[in-house]
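Every number in this text was worked out from the coordinates using simple rules, so none of it is lab data. These numbers were taken from a predicted model, which means no experiment stands behind them. Note: ideal-geometry Cβ built from the backbone for every residue, glycine included; neighbour counts use all protein chains shown.
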Amino acid sequence: TGYPMNCEVDSIAVAGLMDLLRTQGSWFLSARYAYHFEVLHCGLDYDMPSKKVLQEIASHFDQAFQVCLGKGNSLEELKACRSDLATQVSQQIKGMLDISEAEQECFVKGAIDAFFNNDLLWAARLFLHQAKGSFGLCLTSSLDAKRQIVVGARGQTMSVGFYPRTGLILYGSEQASVKAALGVTAPSSKVSKLSKLAPELDGVSTQDPGPAIRLDLDDLAGELCLLDWGSGPASVSERNQELPVHTMMNGRVTLTDALEGNGLGRGSKRLVTQSLARWSKRLVTLEDNPLVLPLPPVDDQPIQGDIADIPKAL
């Protein structure tokens, strides 16, 4: 990324990788990604082009792309003319990178592919596909924070709680943690203010949206869920469009579900999906459910209360 790690902990390492992987819509980020992951390097200790060089390369990509846009091409037509874009840029950046002609071809094609496809969910899938170890993740980017987050689990539990009546979504590595909003009601003034700030979230339905529910991610197989609260359908790149999408929060949020078993085969592997009936069985009702205990009353003296509870545990 060009910036040193503040300290050697997993969360900062993951943040750095996501900064490298989430590139959709930025030619500079896509060029940086392509040099890291599409050019063959002998080990991890290699020299990177300067930021100025990458910015100049990105400007060549952008100029060629703007020409395509100026012709009034649709998005599908732009995808079809990638080879012409690659040919044009390859000629313009010759000699700017200390790599072979074959590596430059991989670099250019990789940058174009990343520009179109490396959205938040694909970046998360790339990371989890290559990562080793167990994870409970919540991922976002400054490019997507206005409408998307990804919650993931592998080898570590992760739960998401949906509260359609109050507009809250909670997540945590403990099932009980997402019960924190039980009994909470949204003041009408807050709801009115939210409707003005985000009108696309208002007026989805005048009916009672139903009780809060909990989704426990499949930490054994590995699972990523993209939560998108923007207007319209879920915003995902073409590589994620084959994934199942579920409507949550009374139609206000879409959940795009990516099981790790799907891999990154890009259509070459059978897509692992779940039937609607099986998906529904995964959702646990938190409110109006006699099997889910309510939150204990708030104790003004929590330490004294813990001491008093010791005999019950013995």
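Assuming 0.692 mPa s and 37 °C, estimate D for the stretch 74-115 with Stokes-Einstein, Rh taken as the Kirkwood radius over Cα pairs, in µm²/s. Kindly include the intermediate steps, with their values, before the conclusion.
Details: Rh = 10.8 Å.
The estimated diffusion coefficient comes to 305 µm²/s.
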Between the Cα axis of helix 51-70 and the main Cα principal axis of the chain, the angle (0 to 90°, nearest 10) is 90 degrees
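Kindly provide the trypsin sites (Lys or Arg not before Pro) of the stretch 1-105 that DSSP labels as loop, not H, G, I, E or B, and whose Cβ sees at most 16 other Cβ atoms within 10 Å. Write out the running numbers ahead of the final one.
Details: sites: 22, 32, 51, 52, 71, 79, 82, 94; in loops: 22, 71, 94.
Filter output for the stretch 1-105: 71, 94.
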Rounded to the angstrom and largest first, Cα extents along the principal axes for the stretch 76-191 equal 63, 38, 23
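With +1 assigned to the C-beta of every Lys and Arg and -1 to the C-beta of every Asp and Glu, and no other charges, what is the dipole magnitude of the stretch 1-67 about the Cα centre in debye, to the nearest 20?
On the way: 4 positive and 8 negative charges, 44 e Å.
It comes to approximately 220 debye.
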In nm, the gap between the two label points placed 7 Å beyond Cα toward Cβ at residue 231 and residue 276 is 2.7 nm
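When the dipole is taken about the Cα centre of the chain, and only Lys, Arg (+1) and Asp, Glu (-1) are charged at their Cβ, what size is it in debye, to the nearest 20?
Numbers: 29 positive and 37 negative charges, 132 e Å.
Around 640 debye, computed over the chain.
Report the gain in length on full extension from residue 208 to residue 313: 0.36 nm times residue separation, minus Cα-Cα distance, nm rounded to one decimal. If you can, show how the numbers build up before the last one.
Working: separation 105, 0.36 × 105 = 37.80 nm, distance 4.02 nm.
Stretched fully, the residue 208-residue 313 segment lengthens by 33.8 nm.
If you average over every viewing direction, what projected area does the convex hull of the Cα atoms of the chain give, in nm²?
Working: hull surface 88.8 nm².
Reported value for the Cα convex hull: 22.2 nm².
Applying 1/(1 + (r/R0)^6) with R0 = 22 Å to the Cβ-Cβ distance of residue 83 and residue 55, what FRET efficiency is obtained, to the nearest 0.05? Numbers along the way, then the final one.
Working: r = 25 Å, r/R0 = 1.12.
The formula returns an efficiency of 0.35 here.
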Distance in nm between residue 42 and residue 220 label points, each 7 Å along Cα→Cβ, equals 4.6 nm
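If we count GluC sites (Glu not before Pro) as exposed when they sit in a DSSP loop and have at most 14 other beta carbons within 10 Å, what is the longest stretch of the chain that avoids them all? Walk me through the intermediate numbers first.
Working: sites that count: 8, 174, 242.
That gives 9-173 as the longest site-free run.
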Compactness summary of the stretch 1-101: radius of gyration and Dmax from Cα atoms, Å, are 15.7, 48
